[in-house]
4 protein chains.
Amino acid sequence: MTLTALAEHEDKAAALLPAEVYDYFAAGAGAETTLHESRTAWEHYRVRPRVLRDVGRVDLPTSLLGAEVSSPVVLAPTAFQGLAHAEGERATARAAAATGSLLALSTRSSTPLEEVAAAGSAPWWFQVYAMRDRDLTLRLVERAVSAGARALVLTGDTPYVGIKRRVTGTRIAIPDDHFLVNLQQHLDPGRADARRAAEQDPTITLEAISWLAEASGLPVLVKGVLRGDEAVACLDAGAAGVVVSNHGGRQLDRAVPSAIALPEVVDAVAGRAPVLVDGGIRSGLDCLVALALGASAVMVGRPVVWGLAAGGEAGVVEALEALRADLTHVMALTGAASLADLDRSLVTATSIWSPL
Amino acid sequence: MTLTALAEHEDKAAALLPAEVYDYFAAGAGAETTLHESRTAWEHYRVRPRVLRDVGRVDLPTSLLGAEVSSPVVLAPTAFQGLAHAEGERATARAAAATGSLLALSTRSSTPLEEVAAAGSAPWWFQVYAMRDRDLTLRLVERAVSAGARALVLTGDTPYVGIKRRVTGTRIAIPDDHFLVNLQQHLDPGRADARRAAEQDPTITLEAISWLAEASGLPVLVKGVLRGDEAVACLDAGAAGVVVSNHGGRQLDRAVPSAIALPEVVDAVAGRAPVLVDGGIRSGLDCLVALALGASAVMVGRPVVWGLAAGGEAGVVEALEALRADLTHVMALTGAASLADLDRSLVTATSIWSPL
Amino acid sequence: MTLTALAEHEDKAAALLPAEVYDYFAAGAGAETTLHESRTAWEHYRVRPRVLRDVGRVDLPTSLLGAEVSSPVVLAPTAFQGLAHAEGERATARAAAATGSLLALSTRSSTPLEEVAAAGSAPWWFQVYAMRDRDLTLRLVERAVSAGARALVLTGDTPYVGIKRRVTGTRIAIPDDHFLVNLQQHLDPGRADARRAAEQDPTITLEAISWLAEASGLPVLVKGVLRGDEAVACLDAGAAGVVVSNHGGRQLDRAVPSAIALPEVVDAVAGRAPVLVDGGIRSGLDCLVALALGASAVMVGRPVVWGLAAGGEAGVVEALEALRADLTHVMALTGAASLADLDRSLVTATSIWSPL
Amino acid sequence: MTLTALAEHEDKAAALLPAEVYDYFAAGAGAETTLHESRTAWEHYRVRPRVLRDVGRVDLPTSLLGAEVSSPVVLAPTAFQGLAHAEGERATARAAAATGSLLALSTRSSTPLEEVAAAGSAPWWFQVYAMRDRDLTLRLVERAVSAGARALVLTGDTPYVGIKRRVTGTRIAIPDDHFLVNLQQHLDPGRADARRAAEQDPTITLEAISWLAEASGLPVLVKGVLRGDEAVACLDAGAAGVVVSNHGGRQLDRAVPSAIALPEVVDAVAGRAPVLVDGGIRSGLDCLVALALGASAVMVGRPVVWGLAAGGEAGVVEALEALRADLTHVMALTGAASLADLDRSLVTATSIWSPL
Ligand SMILES: Cc1cc2nc3c(=O)[nH]c(=O)nc-3n(C[C@H](O)[C@H](O)[C@H](O)COP(=O)(O)O)c2cc1C
Ligand SMILES: Cc1cc2nc3c(=O)[nH]c(=O)nc-3n(C[C@H](O)[C@H](O)[C@H](O)COP(=O)(O)O)c2cc1C
Ligand SMILES: Cc1cc2nc3c(=O)[nH]c(=O)nc-3n(C[C@H](O)[C@H](O)[C@H](O)COP(=O)(O)O)c2cc1C
Ligand SMILES: Cc1cc2nc3c(=O)[nH]c(=O)nc-3n(C[C@H](O)[C@H](O)[C@H](O)COP(=O)(O)O)c2cc1C
């Protein structure tokens, strides 16, 4: 399984999916500057390998908030996978289990969370939004707990959905039966404001972290953090970890790339909690750079979606295996036999970014 | 109203206007390096958003030298709007009033200033040049005061009109009845040197600031400032504020972009007076960056001209609403609920510019 | 006379001249990296103008080693102008005189130096190489002194002629009657090694400076200096000034651009002697940047050649007037009324260049 | 012989060789980012020449670990030259001898090392891998010693062969009779794991250095070093020198370019041992920059292969002479008469690279 699988999957997805669905998955906000940079920013780093180290065996397993995983590549929460493949999140969950990968399931899944949890046997996290109807939020979280979620991922970068020019009228494009699939059982049939009730509540604050932690008894990670001070604020407010992310370029255009924000967040967090990162990770080198900069793990969004669209469960497995194989190979060429060998001295940056 | 309106307006304007008129509005000086950079320099900044802040309501109203405005987006003084639309500055003034925006009216308006002032009810400023005939200058300023101008904007970057290669022979292209419309009443019929008398006087100095302030009793802002020390010199000479501007790239080519000059000016002014900025502002993100860098407000020139050409008053309203809506959206995604939340920590720059 | 004249001249020259002659004048050494950068490096600077200064009159006259000139734009020594126009250096000298400009005449002129000196009445300098036949060198210098040269310009960057890929076999391309025109009278008819005797001597050292100064009684400037320490070494060895130059990209490819070397040289020279600069100067802004960085004057090479090819004396006058007019205009827009107003605070650089 | 020979050789090679062979030689690993940058990184440096130095004679001879060579341009070890030309490494060795250049012979030569050694009379080094079968390694090294190798070059950047997308299935493409040519005599006929036994052993460590040094009695250089600390670790482990290299972009993609790593390695080594460098050296200017940054010598890989493919021994001689002539020319224009005149003050960098 080689890395070319990822590009092939996307090509296949583009051929198989209706154009507006492909665009929905592929699009970024605004002028798509951040979408573009989410990938290229990883390429601004260069690797400074070690030589003549024993790399006869390269180890990827790690643990994330107590969950043992076979590699530091986590499946990012992405909405509406039923639009990509008939099996939707079920196929994704089986692929996660097959590869021993951690799955972060989106609140906006096209499949009820219990069915997703039942499909796969690997550890999983549940991504939440604090919805306008707080009660709805709590009931969803309770179900996630019952279904075995090991942590909550509170997405903090989406008080409103980012405007994607490629996809005019996103809200209309996603039909209610997709949008509300996880909530349907809690909604009185015919409730007029159902959709609005399920929208992200733009008035929430950092207090939502401890509210969710207490309600669920689970660790809460905040996703969408791009500053060191914000990461610390989240931890101080009760977060058990952060995900450095700009939502794959889908929310605030011209947001700083994750690859640039990561070192600052790692430094500020200073080992208090795991720091994950996502956005544009497409190769073992991207993973290696992220890990060398101090990430505990990386998340991949679209590669999973394209794998799913191109080949269902098998496609997702292929994508995950390709990344794992590529990471193993480049770690060996870098003289690193385990994740512990990945330190910041392994990377250097081209001088494109600088503080003001 | 989405941001795409702005580009659509320009396309329409290009289709509707005679080529030489379109070029007159669009052109920059010299090789148009500064014209080009006036836009791209804003894109050199990236945004570092906050997360989980209450942005249920985002407030844009502010006050500028005592004038209450609905948003920090001000209409820059642009000459000869009668060439863009039959209603000219009257339509612009009505749009400013309709949106609660501050209008800065050009000395070179195609409509007598009294008629413009009568058309709109929002607060307005009058842009002046110290003309070769100082007396003419004073009489014009007196009329602006009578018509209700709240401040004067003395444009300091135009001792001579910049040479625009796209528009050979600018002076000839603008007919006298446009050039002299605001001055006609003061000119003896047939005065041979009328046009020259009305030209900018290249011999004026910083003393023109207090001269105008005393003559008018109004606060005087200096427009065209691109250095911290120059801003301080203007304030020391009696200015009530400055506008960081290179005249939209129409005067000195290779002038430093406003986006680069702004932080230096803000630091030097150190809160003594409002600092406005213009040049290439085309989106909520451009506004947000300017405000985060410390601007009190931003001015837009061509977007107003294109809106006017494309749809008269309604077009200008559309342009202003689109910017306001976009600014509101990106402020929310940045975690900022009011202008006071916009501080410099929200932005970081790519390392293209550095001191010598 | 506007700046577009310069580009028009080059277009005309390209149309009028035989391709190999055009290429000879236009070419640079190696991959032409330095040729290209000799122009673009000036564009890496941006201007920080002053406002509201009295620029009713902008003064360009200055003096260079005692010679009064109407502007700081000097005609660089360029060889074989007879290939560009039948009148060759005579036309150039008349244009220099007509515009009050200083002419630096090349040792490799197509016209005997006495005839050039007689053609124009403006002050002129004579560019020399220390030739393999030192005696020949001295006799040439004596004649320059008799003909009224005010200074010698010893070109230090040409121990061998740079290899220009566009012009294979340069030495063959330039016929002997051009190459030896200034030396013919000193050569025994039929002297077999005439051409070799007249070549630059690659073994000369800094001592050539005082040797020439003593032999001629004239001030000697060294041309081709690109480092501060080298400038100081030249002055310590008796030079009366330096010209920061990489020979218009015709000698060492990948040499640092003059625009980048200039500030370092100015700082090292620290006012002890005039520092001129050339390479890629094509506009008033290029001149302004050079002068603001501390140059006493600028030299232009190809613009003079193209003007000459396109229109003889009148073409050279046009080129010089266009540069002067453009410099006057941009100085006014920068708030500078005289050369003394041009200081380093007027420029800032994009961060492309940095020390190792 | 001019530099254009190098590009002509590659064009000819592309025309003459089967596409897959051309691709095998030309390819880089991964996205070929490092392959590309291995050349362009040299161009990020600019040269700061001296003037008026005696360069009537420019000297290139030097000595490397006791071997006298006519120039600091060394032939890098490149595998399977029999695929490029029927004469293979024999032709290369004769060319090295003819030009007085040092040859580093690859373990993966298409010609038994004894025959190569016999073909040329110049000093040569032998490049080794510690193979999975250590015994095989020792026997090969013993033969190299007997055949007169002056040093061993232990390649440290190839625990596994880099994945080249242009060449799918590299291992298959190289037939066994090429791969094992140097080992055939030690392999029992029909040994099933022969190829695997001859592969690089990924478990070796820095201790391999002293193991090889002791076994051979020769100085051992480590090739593939890209960090100062790694260079020091190699020397501390017994290395007699290092080669700054990323294997011509064929191993770890996104590895830092040699041109960027070189100064750091030179500084860390601090004169304890020779530092060679390779990757993308294609001109006298590339050589000059490398030497000015502190390299003792440079190695060239593909230029030799293309010369060989294009013209056998004569082609390699042409390539080496072209580089030597070009280096001589640019040294003269830089004011450097010998390698000792090349110091770091001669170069400056554009600010693309910076530490994290
Ligand atoms: C189609 C799509 C839907 C997404 N839906 C969600 C979501 O429901 N919740 C969430 O927190 N992030 C969501 N994300 C963001 C991803 O979790 C992740 O941050 C992003 O995809 C990472 O970038 P990448 O796609 O370049 O790997 C979505 C991303 C995509 C592409
Ligand atoms: C067609 C046109 C006419 C202008 N006329 C004036 C003017 O009369 N007085 C003035 O101070 N600025 C004038 N300006 C400059 C604007 O006030 C403003 O600085 C500039 O347009 C801002 O850049 P923007 O067009 O990119 O928004 C003019 C600009 C344009 C485009
Ligand atoms: C065709 C040509 C011939 C030249 N001949 C000489 C020369 O004989 N002596 C000399 O010192 N410089 C010579 N130069 C260099 C010029 O003096 C000057 O450094 C260079 O042209 C400046 O760059 P520019 O052409 O971009 O203005 C020559 C340049 C050109 C283009
Ligand atoms: C076709 C090819 C085969 C190579 N084989 C070897 C090898 O067997 N051993 C080794 O140490 N390096 C090998 N190298 C790397 C070279 O020694 C050298 O590092 C590289 O070619 C330098 O880059 P250049 O080709 O741009 O000059 C090989 C390179 C190429 C292009």
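The values are calculated or read from the model by the stated rules, or taken from the named source; none is laboratory data. All of these numbers come straight from a predicted model, not from anything done at the bench. Virtual Cβ from ideal backbone geometry, glycine too; neighbours counted across all protein chains shown. Protein only, heavy atoms only, side chains kept; ligands, DNA and RNA dropped before computing areas. Shrake-Rupley method; radii C 1.70, N 1.55, O 1.52, S 1.80 Å.
Contact annotation: residue pairs with Cβ atoms under 6 Å, 6 or more positions apart or on different chains, pairing a residue in the range D:203-224 that is at the interface with chain A (Cβ under 9 Å from one of its Cβ atoms) and at pLDDT 95 or above with a partner that is assigned to a helix (DSSP H, G or I) and buried (at least 23 other Cβ atoms within 10 Å of the Cβ), are D:V222/D:C234.
Given the criterion at pLDDT below 95 and either over 30 Å from D:V266 (Cα atoms) or in a helix (DSSP H, G or I) (or both), identify the matching residue among C:A290, C:A349, C:A322.
Numbers: C:A290 fails: at pLDDT below 95; C:A322 fails: at pLDDT below 95.
Matching residue, one of C:A290, C:A349, C:A322: C:A349.
Restricting attention to the range D:6-40 and to residues that are at pLDDT 95 or above, in contact with a Gly (Cβ under 9 Å, 6 or more places away or on another chain) and within 14 Å of chain C (Cβ to nearest Cβ), the residue that is nearest to D:L83 (Cα to Cα) turns out to be D:L6. Just one residue in the set A:R108, A:R143, A:R165 is closer than 26 Å to A:C234 by Cβ and more than 20 Å from the chain's Cα centre (by Cα); that residue is A:R143. Could you list, in sequence order, the residues of the range B:260-283 that are within 16 Å of ligand 2 (Cβ to nearest atom) and of a type in the set (D, E, K, R)? B:D278, B:R282 - these are the residues of the range B:260-283 that are within 16 Å of ligand 2 (Cβ to nearest atom) and of a type in the set (D, E, K, R).
Answer yes or no as to whether B:V265 is touching a residue at least 60 places away in the same chain (Cβ under 8 Å), assigned to a helix (DSSP H, G or I) and either open to solvent by less than 10 Å² (accessible area, probe 1.4 Å) or more than 24 Å from B:A95 (Cα to Cα) (or both).
Details: touching a residue at least 60 places away in the same chain (Cβ under 8 Å): no; assigned to a helix (DSSP H, G or I): yes; either open to solvent by less than 10 Å² (accessible area, probe 1.4 Å) or more than 24 Å from B:A95 (Cα to Cα) (or both): yes.
Against the criterion (touching a residue at least 60 places away in the same chain (Cβ under 8 Å), assigned to a helix (DSSP H, G or I) and either open to solvent by less than 10 Å² (accessible area, probe 1.4 Å) or more than 24 Å from B:A95 (Cα to Cα) (or both)), B:V265 does not qualify.
When C:L65, C:L52, C:L60 are checked against the criterion of being within 9 Å of chain B (Cβ to nearest Cβ) and at pLDDT 95 or above, C:L52 stands alone in meeting it. Taking each residue of the range B:162-178 that is open to solvent by less than 100 Å² (accessible area, probe 1.4 Å) and looking for partners that are among the β-branched types (V, I, T) and at pLDDT 75 or above with beta-carbon atoms closer than 9 Å, six or more apart or interchain, yields B:I163/C:T2; B:T170/B:V161; B:T170/B:I163; B:A173/B:V21; B:A173/B:V167. The test for being crowded, with 24+ Cβ neighbours inside 10 Å and among the aliphatic types (A, V, I, L, M) holds for B:V243.
Rundown of residues vs (1) over 28 Å from A:D326 (Cα atoms); (2) of a type outside the set (A, V, I, L, M, F, W, C), yes/no style:
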site: D:D157; (1), (2): no, yes
site: D:D193; (1), (2): no, yes
site: D:I204; (1), (2): no, no
site: D:A208; (1), (2): no, no
site: D:L235; (1), (2): yes, no
site: D:V243; (1), (2): no, no
site: D:I260; (1), (2): no, no
site: D:E264; (1), (2): yes, yes
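Would you please name the residue that is nearest to ligand 4 (Cβ to nearest atom), looking only at residues in the range D:231-244 that are at the interface with another protein chain (Cβ under 10 Å from one of its Cβ atoms) and under 19 Å from D:A290 (Cα atoms)? The selected residue is D:V242. For the range B:268-279, residues that are part of a loop (DSSP other than H, G, I, E, B), touching a helix residue (DSSP H, G or I) at 6+ places or on another chain (Cβ under 6 Å) and among the aliphatic types (A, V, I, L, M) total 1. Selection over the range C:129-168 of residues that are among the small types (G, A, S) and more than 16 Å from ligand 3 (Cβ to nearest atom) gives a count of 3.
Look at D:V317 and say whether it is more than 14 Å from chain A (Cβ to nearest Cβ) and of a type in the set (V, I, T). Write out each step before concluding.
Details: more than 14 Å from chain A (Cβ to nearest Cβ): yes; of a type in the set (V, I, T): yes.
Against the criterion (more than 14 Å from chain A (Cβ to nearest Cβ) and of a type in the set (V, I, T)), D:V317 qualifies.
Would you check if D:R282 is over 16 Å from the mean Cα position of the chain (by Cα) and either in a loop (DSSP other than H, G, I, E, B) or within 16 Å of ligand 3 (Cβ to nearest atom) (or both)? No, not satisfied.
Counting the residues of the range B:24-55 that are farther than 26 Å from B:T350 by Cα and open to solvent by 40 Å² or more (accessible area, probe 1.4 Å) gives 2. The residues in the range C:12-21 that are touching a residue at least 12 places away in the same chain (Cβ under 8 Å) and either open to solvent by 60 Å² or more (accessible area, probe 1.4 Å) or charged (D, E, K, R) (or both) can be counted, and the count is 3.
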